[in-house]
Amino acid sequence: MMDVREAFLAFFESKQHARVPSSPLVPDDATLLFTNAGMVPFKSIFTGDIPIPANPRATSAQTCIRAGGKHNDLENVGHTARHHTFFEMLGNFSFGDYFKEEAIAHAWEFVTEVMKLPVDKLWVTVHESDDEAEEIWKKHIAADRIMRLGDKDNFWQMGDTGPCGPCSEIFVDQGAEHFNGPEDYMGGDGDRFLEIWNLVFMQYERNTKGELKPLPKPSIDTGMGLERATAVLEGALSNYDSTLFMPIIRRVEALIGKPYTYASGASYRVIADHIRTVTFLLSQGTNFSNEGRGYVLRRILRRAVCHGYLLGFTKPFMFEIAGTVAELMGKQYPYIVEKLNVVKEQIMLEEERFFKTIASGIELFNEELKNTKETFSGEVAFKLYDTFGFPLDLTEDMLREKHLSLDVETFETLMSEQRKRAKAAWKGSGDAHVEGDFKTLLETFGVNTFIGYSYTKAPVKIQALLGENFERVEQLHAHQRGWVLLEETPFYAESGGQSGDTGTLGDKATVTETKKFHGLNLSHIETKSTLNVGETIEAIVDPERNEIAKHHSATHLLHAALYELLGEHISQAGSLVEHNRLRFDFSHPKAMSHEEIALVEERVNYHIFHALAGMTREMSIDEAKKSGAKAQFGEKYGDTVRVVNFGMASVEFCGGIHVDNTATIGTFIIVKESGVSAGVRRIEAVCGNAAYNLFKQQRHLLEEVEASVKNRDVLAGIERLKDQVKTLKTEMSTLASSAKEELSITMMGNTAVVVAELTAGDIKERIDELKNQHDSVAVILFQIKEDKVLLAAGAKNTGVKAGDWIKAIAPILGGGGGGRPDFAQAGGKDASKLTEAKEAALAYVTKELA
């Protein structure tokens, strides 16, 4: 069977396209939740933010997710033949190079000569205004198989403004014998005519007025879903019947012990789709959480678990299916195999948590069923969705078994409100979307050179100056803020978890931060006097850089110590390195014990005290991997990478700043160990000068404690204070007992009756005492606490029931409560009604005992 992915990429390589690896699912784009199309990694080229690469042709198989934001296929997954949360988009791209003629010819050649799809089954569409595309298509396919459609179907745009253009789509006729519904015609919404490839002709720029202006260099952006293409090639009428999904479905079958049939198998398909999404996101470093991408990940897993529950699973099972995903896709994406054990652990922990929640959700569902005659509450359905993670289709399936309908309108209203809240709360990647004159800078100067590995002070030339909004200027005057592009720069740009450098430009400007934009290393500055483009000035990195280097090297040693002492499942999940602290997130299923924390801290300090020499080498990426160097997923590595090692203790890919010898680090202290999400822990630590400052703080605190407990041996001083507290408590209890308020007792027949306010003491304790002192008693006590009222009632061998008494009196005080016949309590909000409540309580008990 043909490997469609490899065949596609090899075909376009033969057409002089550069093969580009799939970019991370979390894009370098502040406006997107996930990478949702093949063109996302090339967006800056299409928008003109950066120059066209040396090879203006590219091809890729891009992993994508559509499960949030504008492109959200989540609720359709499992119920249609084509929808997925995770999919691969095959694409070929031309950046101002070839256009419609070659794009159409390449597509036709691939589908007819490589995929060998029968020509009599193929149809194409073009935009209703695109005469050029139609004429080109007539060279390849009969004119009666070309259909013109409007903007809705055949016009593509990136946003409200920017590059856009008509598109042309290739369709496959899957046969009237399989699909013969009212929408199964070319141009209809049925499944008979299946779109497999979209060719976008980016030939216009839409301005803010909505006007279309021709682009000087039109481009090509195409997309063909691997899942659809594979299904068509294999003759499968559903993507889920293809070899990409059936092994996963068979694994689910084996685990549950029930045969899969397509008609009733939506839950199997949901699980098969969602486990791919979960496996890839976790492998790439996204973790379960209650916000942003981690929340979407959590909802996807929980949706799959809910469908597993419908099938009969009552304990974690998804983690066992992740291995099948690794078997199917590990060759193309080796990192999912490398991370498999960690991923399975994370999934299992999240599943365990959710299975406990499912029981609570089912309890709520069953409670609402008691109140349901025909239509189940939309509010409760939404609560099941929002609080317990029950997808709507799961609730509908459970109701279908009971022959009940659902108030979908109310559910959708609440969902719409939630989407608005989520949209308002979504902050993107956390970085502002930046636009500026980067393209002209790159075309004029290229990427500037970083010399900071060797120099922290150097005379440098100012190549360009930019204002706060990244617009080019010839000079910045005194007391202005902006950005500077230096021909060679000693300032390290924030990346890899390490904070960017600060410093000075002579006596003319202060460097407040350094960042990278499209490969350009730019420093943000605040000027003291005028700076001009072209002048040479001395750049000096702030000495804090030394402390950053210590914390960065300590992070490497920490990673190595965790890997050595806790196990090979340890994998970096994020880091932050600053001059006064470090933070390291790592995969681990449970909290570290005090002993483990102490051992890790001890091992890091062992490597520090043994003065291991730091060594950096540049080598090919293959050579680096063979050396055993640890790489971080999502970091962009070129053909040549920088490897940092400290003896044999630590070897990692890293472009950051490090110490020359571990002895320079000084002392390493772990400050805190905590959880980030299921299966991910975090260590916060300090070293170098920050460790010394922590020691000073702790010493000062100890001195204050010594003075407070009046003992140099603080533990002995604390024990003495504890003994004093214990003695005082005993004395206070004795005094309280001897000074108890006298309570007025009225005999009604044989029953002792007490209705009173207790100004101090424990109400329940006094009621118990009265019950012990009398054979028959009915008592209700009130006590004001700040602006609220506490009340409690007790009864013994009498016709008065404490619970009913409380229920009758508490509302007078603006409260409520209840309890057993022998004891009940409540709280009230209105202390001003206390006299009225006491009178009512006396009247109640008098009537009951009459």
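The values are calculated or read from the model by the stated rules, or taken from the named source; none is laboratory data. Remember, predicted model here, so these are calculated numbers, not experimental data. All Cβ positions, glycine included, derive from the backbone under ideal geometry; neighbour counts span all protein chains shown. Only protein heavy atoms, including side chains, enter the accessible area calculation; ligands, DNA and RNA are left aside. Shrake-Rupley method; radii C 1.70, N 1.55, O 1.52, S 1.80 Å.
Scan region 592-609 and give yes if some residue there is open to solvent by less than 30 Å² (accessible area, probe 1.4 Å), in contact with a strand residue (DSSP E or B) (Cβ under 8 Å, 6 or more places away or on another chain) and more than 29 Å from residue 674 (Cβ to Cβ), otherwise no.
Here is the first cut: in region 592-609, the residues open to solvent by less than 30 Å² (accessible area, probe 1.4 Å) are 592, 600, 604-605, 607-608.
The next check asks that each one be in contact with a strand residue (DSSP E or B) (Cβ under 8 Å, 6 or more places away or on another chain); those that pass are 592, 600, 604-605, 607-608.
Subsequent filtering for residues that are more than 29 Å from residue 674 (Cβ to Cβ) retains none.
Scanning region 592-609 turns up no residue that is open to solvent by less than 30 Å² (accessible area, probe 1.4 Å), in contact with a strand residue (DSSP E or B) (Cβ under 8 Å, 6 or more places away or on another chain) and more than 29 Å from residue 674 (Cβ to Cβ).
Could you list all residues from region 115-155 that are open to solvent by less than 60 Å² (accessible area, probe 1.4 Å) and under 27 Å from residue 40 (Cα atoms)?
Once the filter is applied, which keeps residues that are open to solvent by less than 60 Å² (accessible area, probe 1.4 Å) and under 27 Å from residue 40 (Cα atoms), region 115-155 yields 115, 124, 125, 126, 127, 130, 133, 149, 150, 154, 155.
Answer yes if at least one residue in region 428-435 is touching a Phe, Trp or Tyr at 6+ places or on another chain (Cβ under 8 Å), modelled with pLDDT under 80 and not in a helix (DSSP H, G or I), and no otherwise. If you could, list the steps in order and put the result at the bottom.
First pass over region 428-435, keeping only residues touching a Phe, Trp or Tyr at 6+ places or on another chain (Cβ under 8 Å): 434-435.
Of the ones still in play, those that are also modelled with pLDDT under 80 are 434-435.
Still in the running and not in a helix (DSSP H, G or I): 434-435.
Checked region 428-435: at least one residue is touching a Phe, Trp or Tyr at 6+ places or on another chain (Cβ under 8 Å), modelled with pLDDT under 80 and not in a helix (DSSP H, G or I).
Taking region 518-557, which residues are in contact with a Phe, Trp or Tyr (Cβ under 7 Å, 6 or more places away or on another chain) and open to solvent by 30 Å² or more (accessible area, probe 1.4 Å)?
518
Could you go through region 499-515 and let me know if any residue there is out of contact with any Asp or Glu (no Cβ under 9 Å at 6 or more places or on another chain) and under 24 Å from residue 30 (Cβ atoms).
no
So which of 258, 217, 209, 213 is basic (Lys, Arg), open to solvent by 30 Å² or more (accessible area, probe 1.4 Å), part of a loop (DSSP other than H, G, I, E, B) and more than 28 Å from residue 311 (Cα to Cα)?
Values: 258 fails: more than 28 Å from residue 311 (Cα to Cα); 217 fails: part of a loop (DSSP other than H, G, I, E, B); 213 fails: part of a loop (DSSP other than H, G, I, E, B).
Of 258, 217, 209, 213, the one residue that is basic (Lys, Arg), open to solvent by 30 Å² or more (accessible area, probe 1.4 Å), part of a loop (DSSP other than H, G, I, E, B) and more than 28 Å from residue 311 (Cα to Cα) is 209.
Provide a single number: the residues in region 575-591 that are open to solvent by less than 50 Å² (accessible area, probe 1.4 Å), of a type outside the set (Ser, Thr, Tyr) and over 18 Å from residue 664 (Cβ atoms).
Residues in region 575-591 being open to solvent by less than 50 Å² (accessible area, probe 1.4 Å), of a type outside the set (Ser, Thr, Tyr) and over 18 Å from residue 664 (Cβ atoms): 6 in total.
If you take the residues in region 810-847 that are among the β-branched types (Val, Ile, Thr) and farther than 19 Å from residue 771 by Cβ, which one is least open to solvent (accessible area, probe 1.4 Å)? Steps first, answer last, please.
Of region 810-847, the ones among the β-branched types (Val, Ile, Thr) are 812, 835, 845-846.
Checking which are farther than 19 Å from residue 771 by Cβ leaves us with 812, 835, 846.
Details: 812: 43, 835: 92, 846: 63 Å².
Here the residue is 812.
Which condition breaks for residue 850 when tested against (1) open to solvent by 60 Å² or more (accessible area, probe 1.4 Å); (2) within 53 Å of the chain's Cα centre (by Cα); (3) at pLDDT below 90?
It fails just one condition, (2).
List every residue pair whose Cβ atoms lie under 7 Å apart, where the two residues are 6 or more positions apart in sequence or sit on different chains, the first residue falls within region 389-418 and is in contact (Cβ under 8 Å) with a residue 24 or more places away in the chain and in a helix (DSSP H, G or I), and the second residue, located anywhere, is open to solvent by less than 40 Å² (accessible area, probe 1.4 Å) and among the hydroxyl-bearing types (Ser, Thr, Tyr).
392/385
Being within 49 Å of the chain's Cα centre (by Cα) and in contact (Cβ under 8 Å) with a residue 40 or more places away in the chain is the filter here, so list the residues in region 772-817 that pass it.
784, 787, 788, 789, 791
Does residue 328 qualify as being surrounded by fewer than 21 Cβ atoms within 10 Å (Cβ to Cβ) and at pLDDT below 90? Break it down stepwise before answering.
Values: surrounded by fewer than 21 Cβ atoms within 10 Å (Cβ to Cβ): yes; at pLDDT below 90: no.
Criteria not met by residue 328.
Taking the criterion of being open to solvent by less than 30 Å² (accessible area, probe 1.4 Å) and small (Gly, Ala, Ser), would at least one residue in region 349-365 satisfy it?
So far as region 349-365 goes, yes, one or more of its residues are open to solvent by less than 30 Å² (accessible area, probe 1.4 Å) and small (Gly, Ala, Ser).
Please indicate, with yes or no, whether at least one residue in region 680-691 is touching a residue at least 40 places away in the same chain (Cβ under 8 Å), out of contact with any Lys or Arg (no Cβ under 6 Å at 6 or more places or on another chain) and closer than 30 Å to residue 842 by Cα.
no
Name the one entry in 382, 390 that is under 15 Å from residue 311 (Cα atoms) and not β-branched (Val, Ile, Thr). Working first, answer last.
Details: 382 fails: under 15 Å from residue 311 (Cα atoms).
Being under 15 Å from residue 311 (Cα atoms) and not β-branched (Val, Ile, Thr) holds for just one of 382, 390, which is 390.
Using beta carbons and a limit of 6 Å, which pairs, at least six apart or on different chains, have the first residue in region 442-457 and among the β-branched types (Val, Ile, Thr) and surrounded by 12 or more Cβ atoms within 10 Å (Cβ to Cβ) and the second one modelled with pLDDT under 90 and part of a loop (DSSP other than H, G, I, E, B)?
Listed by first residue and then by second, the contacts come to 447/519.
Going by the conditions given, is residue 295 open to solvent by 30 Å² or more (accessible area, probe 1.4 Å), touching a residue at least 12 places away in the same chain (Cβ under 8 Å) and among the hydroxyl-bearing types (Ser, Thr, Tyr)?
Details: open to solvent by 30 Å² or more (accessible area, probe 1.4 Å): yes; touching a residue at least 12 places away in the same chain (Cβ under 8 Å): no; among the hydroxyl-bearing types (Ser, Thr, Tyr): yes.
When the stated conditions are applied, residue 295 does not pass them.
Has region 600-612 got any residue that is of a type in the set (S, T, N, Q), touching a residue at least 40 places away in the same chain (Cβ under 8 Å) and in contact with an Asp or Glu (Cβ under 7 Å, 6 or more places away or on another chain)?
Within region 600-612, the subset of a type in the set (S, T, N, Q) is 605.
With the extra rule that they be touching a residue at least 40 places away in the same chain (Cβ under 8 Å), the set shrinks to 605.
Cutting the leftovers down to in contact with an Asp or Glu (Cβ under 7 Å, 6 or more places away or on another chain) gives us none.
Scanning region 600-612, I find no residue that is of a type in the set (S, T, N, Q), touching a residue at least 40 places away in the same chain (Cβ under 8 Å) and in contact with an Asp or Glu (Cβ under 7 Å, 6 or more places away or on another chain), so the answer is no.
Kindly check whether there is at least one residue in region 184-203 that is more than 37 Å from the chain's Cα centre (by Cα) and of a type in the set (D, E, K, R).
Yes.
Would you check if there is a residue in region 32-54 being more than 19 Å from residue 200 (Cβ to Cβ) and part of a strand (DSSP E or B)?
No; the residues of region 32-54 include none that is more than 19 Å from residue 200 (Cβ to Cβ) and part of a strand (DSSP E or B).
Here is a check on your reading of the model: is residue 712 open to solvent by 90 Å² or more (accessible area, probe 1.4 Å) and touching a helix residue (DSSP H, G or I) at 6+ places or on another chain (Cβ under 7 Å)?
Yes: the conditions hold for residue 712.
How many residues does region 756-789 hold that are assigned to a strand (DSSP E or B) and open to solvent by 60 Å² or more (accessible area, probe 1.4 Å)? Talk me through it step by step, then tell me what you get.
Here is the first cut: in region 756-789, the residues assigned to a strand (DSSP E or B) are 756-757, 777-785, 788-789.
Okay, now just the ones that are also open to solvent by 60 Å² or more (accessible area, probe 1.4 Å), so 757, 784-785, 788.
So the answer is 4.
Name the one entry in 399, 406, 394, 384 that is closer than 23 Å to residue 75 by Cβ, in contact with a strand residue (DSSP E or B) (Cβ under 7 Å, 6 or more places away or on another chain) and crowded, with 19+ Cβ neighbours inside 10 Å. Give the steps one after another, and end with the answer.
On the way: 399 fails: crowded, with 19+ Cβ neighbours inside 10 Å; 394 fails: in contact with a strand residue (DSSP E or B) (Cβ under 7 Å, 6 or more places away or on another chain); 384 fails: in contact with a strand residue (DSSP E or B) (Cβ under 7 Å, 6 or more places away or on another chain).
Exactly one of 399, 406, 394, 384 is closer than 23 Å to residue 75 by Cβ, in contact with a strand residue (DSSP E or B) (Cβ under 7 Å, 6 or more places away or on another chain) and crowded, with 19+ Cβ neighbours inside 10 Å, namely 406.
Listed residues 112, 35, 85; which is open to solvent by 10 Å² or more (accessible area, probe 1.4 Å), closer than 30 Å to residue 234 by Cβ and among the polar types (S, T, N, Q)? Explain how you work it out, then say what you get.
Details: 35 fails: open to solvent by 10 Å² or more (accessible area, probe 1.4 Å); 85 fails: open to solvent by 10 Å² or more (accessible area, probe 1.4 Å).
Just a single option satisfies the conditions, and that option is 112.
Select from region 267-311 the residues that are assigned to a helix (DSSP H, G or I) and of a type in the set (Phe, Trp, Tyr) and write down the one among them that is farthest from residue 587 (Cα to Cα). Don't jump to the end; show me each part of the working.
Within region 267-311, the subset assigned to a helix (DSSP H, G or I) is 267-283, 292-311.
Retained after the next criterion (residues that are of a type in the set (Phe, Trp, Tyr)): 268, 280, 295, 309.
Working: 268: 29, 280: 15, 295: 18, 309: 27 Å.
Applying the filter and picking the extreme gives 268.
Output the residue which, of all residues in region 237-255 that are more than 21 Å from residue 179 (Cβ to Cβ) and assigned to a loop (DSSP other than H, G, I, E, B), is least open to solvent (accessible area, probe 1.4 Å).
244
Can you name the number of the only condition in (1) in contact (Cβ under 8 Å) with a residue 40 or more places away in the chain; (2) assigned to a helix (DSSP H, G or I); (3) closer than 27 Å to residue 590 by Cβ; (4) more than 25 Å from the chain's Cα centre (by Cα) that residue 314 fails?
(2)
Here are some residues: 463, 480, 475. Which one is over 25 Å from residue 644 (Cβ atoms), over 37 Å from the mean Cα position of the chain (by Cα) and surrounded by fewer than 16 Cβ atoms within 10 Å (Cβ to Cβ)?
Of 463, 480, 475, the one residue that is over 25 Å from residue 644 (Cβ atoms), over 37 Å from the mean Cα position of the chain (by Cα) and surrounded by fewer than 16 Cβ atoms within 10 Å (Cβ to Cβ) is 475.
Just to be sure, is residue 553 in contact (Cβ under 8 Å) with a residue 24 or more places away in the chain and out of contact with any Gly (no Cβ under 7 Å at 6 or more places or on another chain)? Let's see the steps before the verdict.
On the way: in contact (Cβ under 8 Å) with a residue 24 or more places away in the chain: yes; out of contact with any Gly (no Cβ under 7 Å at 6 or more places or on another chain): no.
Spelling it out, it is not the case that residue 553 is in contact (Cβ under 8 Å) with a residue 24 or more places away in the chain and out of contact with any Gly (no Cβ under 7 Å at 6 or more places or on another chain).
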